[in-house]
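Take a look at the structure set out below.
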Amino acid sequence: MAAVSSTMIPLGTTAPNFLLTDVVSGKKVSLDSFKGKKGLLIMFICAHCPYVQHVKLQLARIGKDYQDQNIAIVAVSSNDASTYPEDSPENLKEMALECGFKFPLCYDETQETARAYGAVCTPDFFLFDENRKLVYRGQMDDSRPGNRKPVTGQDLRKALDAVIQGKAIDFEQKPSLGCSIKWKPENSRKF
């Protein structure tokens with residue numbers, strides 16, 4: 001499994017708008033769906049990636065722990081389901097229900113949302129403040145498949161807590177690491 005690091009787009013970047021469908025509810029989701037929230041966490045994940053499989057239960061815990069904290073969370077899968085059928089909307093829905101996700105999991109069929117956010121790997125995390133300015137991008141924690149470090153969500157939780165408290169994120173932001181997003185041939189690009 002060849003790992004890819006997130007691109008660490010500039011802090012202060014404004015969240016690009018999107019319009020995607022939640023694979024569980026069938027509802028449309030956009031930035032406007034989260035108006036009034038103190039922060040917005042956008043996570044690029046998928047169903048088949050071993051890195052996501054390694055952290056998916058912690059993602060569910062984070063969703064539960066922060067559901068009443070004035071933080072919005074949305075997960076997006078942008079993998080090409082025609083070449084990776086494990087990442088089809090049906091399989092994504094199955095994963096969301098199995099894990100008990102308390103946040104929408106949307107399918108980015110055109111891959112436009114991943115491109116707009118500069119997402120390159122799964123998982124890839126982008127946390128925005130109440131003005132939808134990027135304040136954190138990077139890893140969930142130091143755990144990786146096979147490195148025997150516990151999956152705690154420590155880095156992401158510290159960033160979420162800072163946003164809730166209106167504080168600056170004052171620790172080193174390390175890139176996320178995971179499988180590359182599986183681009184459609186017409187969307188392939190080098191990073």
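Things worth noting here:
- Just so you know, in segment 75-90 the residues that are touching a Ser or Thr at 6+ places or on another chain (Cβ under 9 Å) and crowded, with 22+ Cβ neighbours inside 10 Å include one that is nearest to Pro16 (Cα to Cα), and it is Val76.
- Taken over segment 11-37, the criterion of being among the hydrophobic types (A, V, I, L, M, F, W, C) and either in a helix (DSSP H, G or I) or modelled with pLDDT under 95 (or both) is satisfied by Leu31, Phe34.
- Among residues of segment 122-153, those that are among the hydroxyl-bearing types (Ser, Thr, Tyr) and within 23 Å of Asp108 (Cβ to Cβ), counted: 2
- Scanning segment 29-50 for residues that are touching a Cys at 6+ places or on another chain (Cβ under 7 Å) and crowded, with 24+ Cβ neighbours inside 10 Å yields a single hit, Cys49.
Yes/no matrix, rows are residues, columns are (1) in contact (Cβ under 8 Å) with a residue 60 or more places away in the chain; (2) under 13 Å from the mean Cα position of the chain (by Cα):
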| residue | (1), (2) |
| --- | --- |
| Leu57 | yes, no |
| Asp80 | yes, no |
| Asn91 | no, no |
| Phe101 | yes, yes |
| Gln111 | yes, no |
| Arg115 | yes, no |
| Ala119 | yes, yes |
| Phe125 | yes, yes |
| Gly138 | yes, yes |
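- Test set (1) part of a loop (DSSP other than H, G, I, E, B); (2) free of Cβ contacts under 8 Å to residues at least 24 places away in the same chain - Gln173 fails condition number: (2)
- Total residues in segment 133-144 satisfying the condition of being crowded, with 17+ Cβ neighbours inside 10 Å and outside any strand (DSSP E or B): the figure is 5.
- In this entry, Ala3 passes the filter for residues that are touching a Lys or Arg at 6+ places or on another chain (Cβ under 9 Å), closer than 18 Å to Arg137 by Cβ and at pLDDT below 95.
- Counting the residues of segment 84-114 that are more than 23 Å from Lys174 (Cβ to Cβ) and assigned to a helix (DSSP H, G or I) gives 16.
- Across segment 38-76, the qualifying residues are those that are of a type outside the set (S, T, N, Q) and assigned to a loop (DSSP other than H, G, I, E, B), and the one among them that is farthest from Ile169 (Cα to Cα) is His48.
- Residues that are within 21 Å of Gln69 (Cα to Cα) and among the aliphatic types (A, V, I, L, M) within segment 132-191 comprise Leu134, Val135, Met140, Leu156, Ala159, Leu160, Ala162, Val163, Ile164, Ala168, Ile169, listed in sequence order.
- Test result for Asn79, of a type in the set (S, T, N, Q), assigned to a helix (DSSP H, G or I) and under 13 Å from Val52 (Cβ atoms): no
- Within segment 19-30, tally of residues that are over 18 Å from Cys46 (Cα atoms) and touching a residue at least 60 places away in the same chain (Cβ under 8 Å): 1
- Residue within segment 153-161 that is assigned to a loop (DSSP other than H, G, I, E, B) and in contact with a helix residue (DSSP H, G or I) (Cβ under 8 Å, 6 or more places away or on another chain) present: yes
The values are calculated or read from the model by the stated rules, or taken from the named source; none is laboratory data. Quantities reported herein were computed from a predicted structural model and do not represent experimental measurements. Neighbour counts run over all protein chains shown; Cβ positions are idealised from the backbone, glycine included.
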